[in-house]
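Working notes, structure below.
The values are calculated or read from the model by the stated rules, or taken from the named source; none is laboratory data. As the structure is a computational prediction, the values presented were derived from the model and not from experiment. Note: ideal-geometry Cβ built from the backbone for every residue, glycine included; neighbour counts use all protein chains shown. Areas reflect the complete protein model, heavy atoms only, side chains present, ligands, DNA and RNA absent. Shrake-Rupley method; radii C 1.70, N 1.55, O 1.52, S 1.80 Å.
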Amino acid sequence: MNKREGDGVPRKNTDAVQERDGSANSSSPVIAAFKVFQQELDTKHDKYERLVKLSRDVTIESKRTIFLLHRVTSVTDPEAILKEAEVKLEGVRQKIGQIAEELRGEDIHQFHRAFTPGIQEFVEAVSFLHYIQHRSLISLEEINARLVFMRAEKGSAEDLPPGAQVLTFQVTPSDYLLGVADLTGELMRMCISSVGNGDIDTPFQLSQFLRQIHDGFSFIGNTGPYEVSKKLHTLRQSLGKVEDACYALKVRGSEIPKHMLADVFSSRSALIDPEEGVI
Amino acid sequence: LFCLLSGDGVPRKNTDAVQERDGSANSSSPVIAAFKVFQQELDTKHDKYERLVKLSRDVTIESKRTIFLLHRVTSVTDPEAILKEAEVKLEGVRQKIGQIAEELRGEDIHQFHRAFTPGIQEFVEAVSFLHYIQHRSLISLEEINARLVFMRAEKGSAEDLPPGAQVLTFQVTPSDYLLGVADLTGELMRMCISSVGNGDIDTPFQLSQFLRQIHDGFSFIGNTGPYEVSKKLHTLRQSLGKVEDACYALKVRGSEIPKHMLADVFSSRSALIDPEEGVI
């Protein structure tokens with residue numbers, strides 16, 4: 001909230017002196033113009049606040065979906081978890097529909113910072129589910145194709161031209177990028193937990209997949225949004241952890257029984273010295 | 001912290017996971033059952049925290065708008081209308097705090113304090129600002145808390161509850177009160193400068209004394225209070241300095257400058273630095 005809030009517009013002292021001399025507030029055209037500004041600004045700030053609240057709800061529900069999805073590595077039947085995740089994401093989709101409704105007819109860039117955290121978290125959750133199901137990266141077009149909302153108004157559907165009944169929400173390329181960068185952290189976590197469960201295929205798949213994503217981000221370099229550089233650094237660390245896991249599996253895999261693999265990862269000092277015997 | 005503690009993401013020991021992979025049903029293990037209970041508790045707690053954050057944001061926004069409204073009293077001939085409107089706004093804020101109190105019923109307040117503390121500090125700032133404008137004094141913590149008493153209005157069940165359960169109170173903590181008063185000093189400084197610009201030469205001197213007393217109080221607390229106090233004390237010193245510079249300009253230059261030019265003196269502060277400099 002800055003000082004440009006409608007209720008606190010600073011006035012020139014000459015105007016104030018005239019006012020003190022008894023002229024009514026409402027007669028001056030300058031005061032009238034400022035009252036209009038006050039309305040506009042209050043309306044804009046209220047909408048921004050509603051979008052922030054919706055974005056927080058989207059973030060929380062997306063995060064819970066991601067935590068749910070992490071459990072697929074440790075149960076025999078992942079189908080139930082995937083179904084539950086899809087239900088949760090449908091709820092998130094509805095919230096994004098409300099965001100789209102608020103943004104109808106507005107300049108999206110004025111409100112982008114209100115909803116960008118929620119949208120990035122949503123991209124992360126959707127791409128995580130997509131990877132678990134298809135072992136591939138969901139594209140931005142696929143995400144946007146699902147964010148199409150029909151406007152359901154009772155009794156007025158026939159009055160509107162067909163185009164006005166459809167509301168779309170477009171995830172921006174930069175939000176998509178940042179969401180995918182966060183996805184890599186979750187994939188690293190999934191890799192480590194799958195090793196602990198004795199799954200020795202997933203880490204190698206993930207290693208290749210993360211390597212491709214990392215190369216893509218390096219290709220972008222510093223031409224993207226500024227948050228990308230920090231996320232690229234985190235991505236390198238995640239990639240390093242996944243590749244260390246694959247190294248441990250390959251080099252030590254034949255030596256260690258599966259149910260002891262988790263212990264190898266919990267004491268990483270065992271991996272540093274190649275001459276060290278198996279503990 | 002939120003993501004690590006959420007019920008949905010509790011990490012399990014690998015031995016448990018291995019047993020599970022061997023086919024035992026999830027629901028049979030007492031450990032799993034216990035964790036499901038933890039999941040419920042944590043999700044409920046986090047949902048309540050989030051509701052409190054949203055209420056606190058509403059309290060903050062409405063309190064800030066009240067403060068902006070109150071700044072206008074220095075420049076209108078009839079402040080009564082503004083004061084009435086401010087009281088209406090603050091009554092709305094009071095209702096929101098009633099909702100916060102309802103959420104906190106039966107809960108450990110300290111687990112949720114960080115959710116609503118920004119809103120409460122902003123509310124203290126707004127209420128004390130209104131009180132100063134009306135009474136030229138600092139509202140006390142007891143007075144603020146006395147107004148935060150809410151009657152529980154439930155249809156048809158009022159007779160079933162013991163009388164004590166129908167009343168809900170919200171207690172502003174002393175640290176929230178302190179921090180709200182510290183923010184108040186910034187608003188008072190702003191009011192001082194704008195009142196000078198409007199030709200009011202009494203208010204700055206009153207404010208100078210008042211802020212000096214508040215400053216001395218905070219210095220008395222020193223570093224025994226909440227850690228945010230030290231930063232606010234620094235800001236308070238700057239505010240006090242600006243107010244005292246305004247009083248200096250009025251006293252030393254007041255006889256020389258016509259009232260309607262006072263604002264120009266304050267907009268170019270370099271004129272105040274050199275006493276030998278003539279009036280521009």
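Residues in the stretch B:105-148 that are outside any helix (DSSP H, G or I), of a type outside the set (Ser, Thr, Tyr), more than 21 Å from B:ARG51 (Cα to Cα) and open to solvent by less than 80 Å² (accessible area, probe 1.4 Å): B:LEU138, B:ILE139.
Within the stretch A:72-104, the residues that satisfy the criterion of being touching an Asp or Glu at 6+ places or on another chain (Cβ under 7 Å) and either aliphatic (A, V, I, L, M) or open to solvent by 90 Å² or more (accessible area, probe 1.4 Å) (or both) are A:VAL75, A:VAL92.
Within 29 Å of A:PHE67 (Cα to Cα) and either in a helix (DSSP H, G or I) or in contact (Cβ under 8 Å) with a residue 40 or more places away in the chain (or both) - does that describe any residue in the stretch B:57-72?
Yes, the stretch B:57-72 has at least one match.
Of note, A:LYS53 satisfies the criterion of being free of Cβ contacts under 8 Å to residues at least 24 places away in the same chain, under 18 Å from the mean Cα position of the chain (by Cα) and within 15 Å of A:PRO117 (Cα to Cα). Taken over the stretch B:62-71, the criterion of being facing another protein chain (nearest Cβ under 7 Å), open to solvent by 10 Å² or more (accessible area, probe 1.4 Å) and within 16 Å of A:ASP42 (Cα to Cα) is satisfied by B:LYS64, B:ARG65, B:PHE68.
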